[in-house]
Amino acid sequence: MKPNSLFKQKLDDILVDVSWGHLAIEYFGKSPSWLYNKLRSIDGNGKPTSLTDEELVQFKGALCDLADRIRRVADSL
């Protein structure tokens, strides 16, 4: 996983526009706090954490799926 600052920098354009809690539940089956901790790179106990390589692939897939769903809705208007 890339260092947190670079990861969050890449998400900056959409950070406030995406429901990260919903994404955590819908795409990972995890609690919203799980993903918020991963995005902050600090777990609930204050220890360093990040997405695993497998979770990063899943995260990318979730963003692509969400983008496709938004595009379909936009195209239908």
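The values are calculated or read from the model by the stated rules, or taken from the named source; none is laboratory data. Bear in mind that the values here come from a model prediction, so they are computed numbers and not experimental data. Cβ placement follows ideal geometry from the backbone for every residue including glycine, while neighbour counts extend to all protein chains displayed.
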Tell me the residue from L51, L66, L15 that is part of a helix (DSSP H, G or I) and of a type in the set (A, V, I, L, M, F, W, C), please.
L66
Take the residues in the stretch 33-48 that are loosely packed, with under 15 Cβ neighbours inside 10 Å and assigned to a helix (DSSP H, G or I), then tell me which one is modelled with the highest pLDDT.
S33
From G21, G61, G44, which residue is free of Cβ contacts under 8 Å to residues at least 12 places away in the same chain, small (G, A, S) and either farther than 18 Å from L6 by Cβ or touching a His at 6+ places or on another chain (Cβ under 7 Å) (or both)?
G44
